[in-house]
Amino acid sequence: MSQLLTTKEVAKFLNINEKMVYSLVSEKGLPASKITGKWLFPMHLVSQWIEANTINYPSAPEGPSLSKVVLILTGSNDLLLSKVISYYNSHFPGNIAVFGNLGSMGGLQALRQNFCHIASSHLVQEDGEDYNFEFAKREFDRMPAIVNFCKREQGILVKKGNPENIATVADLSKPGIRIVNRPLGTGTRLLLEQELKKNAVRGDKISGYNNEVHRHLDVGLEILAGRADAGLGIHAVAGLLNLDFVPLRWERYDLMIFKERFFDPGVQRFLGLLHEEQFFKIAETLKGYDTALSGRMIFPANSINDNSTTPIDERKEG
């Protein structure tokens, strides 16, 4: 249930006196419910009411100026993204794309500080039904444009033949199992924490829980080298390193771009690649990718350059 504020609490939150609260309820539509004779205010609706009544928005985020030649992407790392960046650099002479592996939350923070043009993210929301929106709303004053890069399959990477018979996240807590983990702030770590919670498993009871590496590929390499038995990662790494893979879910891996940057030449060149035949051919060389949504605008819906009229929830799930 959403947090409910009392009249006194909402007055403190809005920095006004309590009498003004009643005026805002009657005159300005401040969201409120009267229960057992007392006014209660749903916190999330109050926040939305403030946003809806905001007049002066900031323009482009303040921060260092960004290059017109070097396209900077930061956030969650991905094998397909790395290949597309390499293709961009060979396809557009005189232009450079670079990637900073900061994890999904790190990418959002870098975007907010104007350190990059594009942030990549796959942060699963608490309800498990959607990605990125809740985190973006908390991080930014205004929502950035969100374009899908791909959907990809997340799961548990295990040794060839799965000798430990790992079938679920709960099996990671079995005696003798060593895992390799991803850092806090990454989408994969967030998924692991949610799965552990669902299975009533404490992470600190799992051997290797604090053994963190910074790339999906590094998870696979730790398992291939025999230093770990399992770890969460993408299917593409299992295919690349000839490991076995226990699927958990398909996830939406998105690109976030401030609207002021959306039509920058480098950004448009990069997004344009997501509609080219070569992009789809590259994706087909890797396991666990679904490009049905690639290049589509997720937010705002049906705007800027999105030609799709199909609701997101009706598109291919993989």
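Points to keep in mind about this one:
- Formal net charge of residues neighbouring VAL21 (Cβ-Cβ distance under 14 Å; K, R +1; D, E -1): +3
- Solvent-accessible heavy-atom area per residue, rounded to whole Å², over the range 187-253 at 1.4 Å: 44 Å²
- Gain in span if fully extended, ALA200 to ILE50, counting 0.36 nm per residue against the direct Cα distance: 50.2 nm
- Candidates MET256, MET43, MET297, ranked by Gaussian network fluctuation over the chain, Cα under 10 Å, top entry: MET43
- The portion of the accessible surface of the range 236-296 made up by carbon and sulfur, rounded to a whole percent, is 49 (1.4 Å probe; DNA, RNA and ligands excluded).
- Area of ILE146 that stays accessible when all protein chains are in place (1.4 Å probe, Å², to 10): 0 Å²
- Charge dipole (the range 105-171, unit charges on Cβ, about Cα centre) - positive-most of HIS117, ALA145, GLY107: HIS117
- GLU164 accessible area, 1.4 Å probe, all protein chains in place, Å² to nearest 10: 70 Å²
- Classified by the C-alpha gyration tensor, the range 205-289 has a prolate form. Its axis ratio a/c, with a ≥ b ≥ c, is 1.5 or above, and a/b is larger than b/c.
- Ranking THR36, THR285 from most to least accessible surface, computed with a 1.4 Å probe over the protein chains only, gives THR36, THR285.
- Given their separation in residues at 0.36 nm each and the Cα-Cα distance between them, ASN17 and PHE280 gain 88.8 nm when the chain is fully extended.
- Relative to the longest principal axis of the Cα atoms of the chain, helix 18-27 runs at roughly 90 degrees.
- Prolate/oblate/rounded label for the range 28-174 (Cα gyration tensor, a/c 1.5): oblate
- GNM result for the chain, Cα springs below 10 Å: residue of GLU18, GLU139, GLU222 fluctuating most strongly: GLU18
- Dipole orientation for the chain: of the candidates TYR253, LEU286, MET20, MET20 has the Cα lying most toward the positive pole (charges on Cβ; Lys, Arg +1; Asp, Glu -1).
- Cα-centred dipole magnitude for the range 110-211, charges only on beta-carbon of K, R (+1) and D, E (-1), debye, nearest 20: 380 debye
- Relative to the longest principal axis of the Cα atoms of the chain, the long axis of helix 43-52 makes an angle of roughly 80 degrees.
- Whole-Hz ³J(HN,Hα) from phi, Karplus 6.51 cos²θ - 1.76 cosθ + 1.60, for the range 233-238, glycine and proline x: x, 8, 4, 4, 5, 4
- The charge dipole of the chain, taken about the Cα centre with unit charges on the Cβ atoms of Lys, Arg (+1) and Asp, Glu (-1), comes to about 420 debye, rounded to the nearest 20.
- Selection among ALA136, GLY185, PRO265 by position relative to the dipole of the chain gives GLY185 as farthest towards the positive end (Cβ unit charges, Cα centre).
- Amide N of the range 150-182 lying under 15 Å from the label point, which is placed 7 angstrom from the Cα of LEU241 along Cα→Cβ: 155-163, 178-182
- Ignoring lysines fewer than eight residues from LYS287 along the same chain, the ones with Cα atoms less than 26 angstrom from its Cα are LYS83, LYS151, LYS159, LYS160, LYS316.
- TYR22 exposes around 100 Å² of accessible area when a 1.4 Å probe is run over every protein chain in place.
- LEU45, LEU184, ranked by accessible area, largest first (probe 1.4 Å): LEU184, LEU45
- Database remark: amide H of LEU5 closer than 5 angstrom to the amide H of PHE41, MET43 (H placed geometrically; neighbours at sequence offset of 5 or more, or on other chains; Pro and chain starts carry no H).
- GNM result for the chain, Cα springs below 10 Å: residue of GLN113, GLN48, GLN194 fluctuating most strongly: GLN48
- Helix 103-112 vs. the chain, principal-axis angle (Cα, 0 to 90°, nearest 10): 50 degrees
The values are calculated or read from the model by the stated rules, or taken from the named source; none is laboratory data. Fair warning: this is a prediction, and the values are worked out from it, not measured in the lab. Ideal geometry is used to build each Cβ from the backbone, glycine not excepted, and the neighbour counts take in all protein chains shown. Heavy atoms of the whole protein, side chains included, go into the accessibility calculation; ligands, DNA and RNA do not. Shrake-Rupley method; radii C 1.70, N 1.55, O 1.52, S 1.80 Å.
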